[in-house]
Amino acid sequence: MQGSPHNLIEPAALIRHFLHHPPEGFPVLSICGAPAFEIHFNLLTTMTSNARRKFERFPFYRWWRRFLQPRTCFIGTTVSEYGLLPESPAADDFLASLLRAAAGYPFLIVKDLPTEPLLVDAAAHAYTQAFIATAQQCGFFIIAGQALAYVPIDFTSIDEFLARMPKSRRKDIKRKTRVNPALAIDQIPTGDAQFTDEVLLAEYYALYRQVYDQSETHFDLLSPSFFRAVLQDSSCGGIVFTYRVDGKLIGYNLCFVHNGMLLDKYIGFSYPASREHNLYFVSWITNVRYALEQGLRYYVAGWTDPEIKRHLGASFTFTCHAVYIRNALLRQAMRPFKRLFEADSHWHETARS
């Protein structure tokens, strides 16, 4: 990856670590200067839960489900909030080159394109909009993506932040985040000497796996070597918030400070201890407080669990995916089902009503 691509809001080091230590089963590529990867993608992954369950109840699903996992080229990474597009060539030239370079893939997906210039600069937004417009003209589906949670740091205290919420929600958050003498919270920068301890690294990875294994949606499984590389890298602006009880690590949150934002990337929790100590709520307020104290513009809280993040005071910005199905007949057959793959968009419409 040369230069600084459009839509990159993370430290570039994080992308390098992804390319050197990709998720398990994700061969990484460079397509026309953009980071990419290929997988056999389960098309039900981003469906609404109800629609996915209906598909899974169809007769002989276990037999024909393999046809729902086409070999797919993704433009982007799984560690960046947005799909990364090259600064040059022009958007239409890039798209033409992309279609030629990915000609061997039945599915091509340019993932997580920002739909507004909230967290990216004006040049990136203009390039992305030009790319989306050209992609539509070339037969791409433009599918609503996930809800990216963020908190604008436009308040002067946590009390002011909470005061904006309904009374019942404010009361719930205060109850779950009140001072707990048994819980020790620390901040450790990436690159700290303790991250050379292989036993500690294994403990961190085990807590990450606990969160991954209980998640409803599985996409990328990051590797121990990725975490080792990131935790040992002092240049990437990483900070680890750790949570211990009686000296035992029961959770952590790996974040990055970059371009005026605190980017919340990875969590590791020990169950049931993390639930008993309300770590999800505690870590949220810890991160918001840190962003406030450091004078940052935004706390960017990631894609998953939009309902609980809304409860905790998040706002949302949406992405879209540009999806190209090479087989023209299949492309027409899939058109009526487009809305089934826009789960977060449906959630947002319901939440606002």
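The values are calculated or read from the model by the stated rules, or taken from the named source; none is laboratory data. Worth saying up front: this structure is predicted, and the values here are computed from it rather than measured. Ideal geometry is used to build each Cβ from the backbone, glycine not excepted, and the neighbour counts take in all protein chains shown.
With respect to the stated conditions, S225 is outside the structural domain of E24 (by TED's automatic domain parsing), more than 18 Å from the chain's Cα centre (by Cα), in contact (Cβ under 8 Å) with a residue 12 or more places away in the chain and not in a strand (DSSP E or B).
I'd like to check something: does the range 147-162 contain any residue that is free of Cβ contacts under 8 Å to residues at least 40 places away in the same chain, on the phi < 0 side of the Ramachandran plot and either in contact with a Pro (Cβ under 7 Å, 6 or more places away or on another chain) or aliphatic (A, V, I, L, M) (or both)? Within the range 147-162, none of the residues are free of Cβ contacts under 8 Å to residues at least 40 places away in the same chain, on the phi < 0 side of the Ramachandran plot and either in contact with a Pro (Cβ under 7 Å, 6 or more places away or on another chain) or aliphatic (A, V, I, L, M) (or both). Of the residues F269, F318, the single one that is touching a His at 6+ places or on another chain (Cβ under 9 Å), on the phi < 0 side of the Ramachandran plot and either surrounded by fewer than 19 Cβ atoms within 10 Å (Cβ to Cβ) or of a type outside the set (S, T, Y) (or both) is F318. Kindly check whether there is at least one residue in the range 92-101 that is free of Cβ contacts under 8 Å to residues at least 60 places away in the same chain, of a type in the set (A, V, I, L, M) and farther than 12 Å from Y324 by Cβ. Looking through the range 92-101, at least one residue is free of Cβ contacts under 8 Å to residues at least 60 places away in the same chain, of a type in the set (A, V, I, L, M) and farther than 12 Å from Y324 by Cβ. Within the range 172-181, one or more residues are touching a His at 6+ places or on another chain (Cβ under 9 Å), assigned by TED's automatic domain parsing to the domain that holds Y243, surrounded by 14 or more Cβ atoms within 10 Å (Cβ to Cβ) and part of a helix (DSSP H, G or I). Given the criteria surrounded by fewer than 17 Cβ atoms within 10 Å (Cβ to Cβ), at pLDDT 95 or above and not β-branched (V, I, T), does S225 qualify? The answer is yes for S225. Restricting attention to the range 13-31, the residues that are of a type outside the set (D, E, K, R) and either within 15 Å of L231 (Cα to Cα) or in contact with a helix residue (DSSP H, G or I) (Cβ under 6 Å, 6 or more places away or on another chain) (or both) add up to 9.
Residues considered: S168, S234, S223. Of these, the only one that is farther than 30 Å from H20 by Cβ and hydroxyl-bearing (S, T, Y) is S168. Among the residues of the range 75-95, the one identified as in a helix (DSSP H, G or I) and surrounded by fewer than 15 Cβ atoms within 10 Å (Cβ to Cβ) is D93. Of the residues making up the range 242-259, those that are surrounded by fewer than 21 Cβ atoms within 10 Å (Cβ to Cβ), within 17 Å of A182 (Cβ to Cβ) and touching a strand residue (DSSP E or B) at 6+ places or on another chain (Cβ under 7 Å) are T242, R244, V245, L249. Only one of the listed residues (Y204, Y212) is assigned to a helix (DSSP H, G or I), over 24 Å from L119 (Cα atoms) and under 17 Å from the mean Cα position of the chain (by Cα). That residue is Y212. Being part of a strand (DSSP E or B) and either crowded, with 20+ Cβ neighbours inside 10 Å or touching a residue at least 40 places away in the same chain (Cβ under 8 Å) (or both) is a condition met by no residue of the range 278-294. For the range 182-201, filtered to residues that are part of a helix (DSSP H, G or I) and touching a strand residue (DSSP E or B) at 6+ places or on another chain (Cβ under 9 Å), the residue that is surrounded by the fewest Cβ atoms within 10 Å (Cβ to Cβ) is Q194.
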